[in-house]
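What follows is a short report on a single structure.
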Amino acid sequence: MTHLNYETRMPLGQAVIDQFLGLRPHPTKVQATYVWIDGTGDNLRSKTRTFDRLPKKIEEYPIWNYDGSSTGQAKGRDSDRYLRPVASYPDPFLGGQNRLVMCDTLDHEMQPTATNHRQACAEIMHEVRDTRPWFGMEQEYLIVDRDEHPLGWPKHGYPAPQGKYYCSVGADRAFGREVVETHYRACLHAGLNIFGTNAEVTPGQWEFQIGTCEGIDMGDQLWMSRYILHRVAEQFGVCVSLDPKPKVTMGDWNGAGCHTNFSTAEMRAPGGIAAIEAAMDGLKRTHLEAMKVYDPHGGEDNLRRLTGRHETSSADKFSWGVANRGCSIRIPRQVAAERKGYLEDRRPSSNCDPYQVTAMIAQSILL
């Protein structure tokens, strides 16, 4: 039974060998880990280099190259692609002066690669900067064994029906909390705006929220928080799935989304509910276009999730309402009561590119 080779013992809180041998971070040298999105539009890659001193600003980090033919971003006969640093964060794994560096990917002509949507997003955010666009994204994910089986699920059969897992406590219903808490602290150390976390509706499924972030910072922070999550899971010998509806959960289980909260200064001001309601026209007008970029595969992934069931709207129909989790756009009850605040776009999939999502929302409402 080969699956036993991949089964992770429970609980996950095993003694962990100090992989850094107890050494303190080097007093002067800096290890900078460059992180980028590969040709799938889903997965992240990274590699590390040494600096003699800590750069004081992002422009001081040098452009670096990598083998794009091994990441689905180039052909072997023209394989060099470039990494352009765009944001830097303290490294929670190495500590000291070491840094995690989020990067753009560029081709041989120094133009964005096919899966680099950051530059287009940055241009839109610059254009709408006077509206002070704020975002918050709710990243749902599933912790799985290395055989892609959800953590805590029996290897043959299914767990008890959903209902007792959301925000749960107990070894029979909360699976993988060690990963979640470690990730939370790592994000705090990295200086990310992690708002909170909770267990989700499907067993083995969790959520964390990043925000509030303004403009392009939202995409940078969510991608880096995903990278940290994958690294933390790696240390515990498990994996993270951002698939919005894995095959094993195709039954009566909630899928995974990345609900995106949005507001402008006008929406946050007294009487802002009028601007929030007015935004629905633009969001409705671009619904079909948005659905094509709300997952990295042209909307195909979301079709498995947005069925009108399990707290989702239908992929082919735009809708909005107050406190309605079955709509495309939800206006929270508190926002309706206070007549100001934000809206929640519930359409993005868990594996969405936050650069594309935030750009689409800003473009639909403000441009």
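Points worth noting:
- Mean separation of Cα contacts under 8 Å (6+ apart) over length of the stretch 126-366, as relative contact order %: 23
- Of all the options Trp223, Trp64, Trp206, the one that moves most in a Gaussian network model of the chain with Cα springs shorter than 10 angstrom is Trp64.
- Among Gly341, Gly211, Gly321, the largest mean-square fluctuation in a Gaussian network model of the chain (Cα springs under 10 Å) belongs to Gly321.
- Estimated D of the stretch 52-205 in µm² per second, where Rh is the Kirkwood radius over Cα pairs and Stokes-Einstein applies at 25 °C, 0.890 mPa s: 127
- Only the Cβ atoms of Lys and Arg (+1) and of Asp and Glu (-1) were treated as charged; on that basis the dipole of the chain about its Cα centre amounts to roughly 480 debye.
- Among the GluC sites (Glu not before Pro) in the stretch 105-202, those located in a DSSP loop and surrounded by at most 15 other Cβ atoms within 10 Å of their own Cβ are Glu109, Glu148.
- Over the chain, dividing the summed -39,500 (n - 2.57) contributions of all DSSP H runs of at least 4 residues by the number of residues returns a 222 nm mean residue ellipticity of -7000 deg cm²/dmol.
- For Asp145, the solvent-accessible surface with a 1.4 Å probe is about 10 Å², rounded to the nearest 10.
- Once the 1.4 Å probe is applied to the protein heavy atoms, the stretch 126-366 comes out at 41 Å² accessible per residue.
- With contacts taken as Cα pairs under 8 Å at a separation of at least 6 residues, the stretch 27-115 carries a relative contact order of 31 percent.
- Euclidean distance of C-alpha centroids, the stretch 305-321 and the stretch 32-50, integer Å: 33
- Accessible carbon and sulfur surface of the chain relative to its total accessible area, %, 1.4 Å: 49
- Placing unit charges on the Cβ atoms of the charged side chains and taking the dipole of the stretch 126-366 about its Cα centre, the candidate lying farthest along the positive direction among Ser314, Thr212, His297 is Ser314.
- Accessible area in square angstrom per residue, the stretch 27-115, 1.4 angstrom probe: 49
- Among His230, His149, His310: highest mean-square fluctuation, GNM of the chain, C-alpha pairs under 10 Å: His310
- Heavy-atom SASA rank of Thr286, Thr48 (probe 1.4 Å, accessible area, largest first): Thr48, Thr286
The values are calculated or read from the model by the stated rules, or taken from the named source; none is laboratory data. Model, not experiment: these values are computed from the prediction. Positions of Cβ are generated from backbone atoms using ideal geometry, with glycine treated the same way; all protein chains shown enter the neighbour counts. The accessibility values were calculated without ligands, DNA or RNA, using every heavy atom of the protein model including side chains. Shrake-Rupley method; radii C 1.70, N 1.55, O 1.52, S 1.80 Å.
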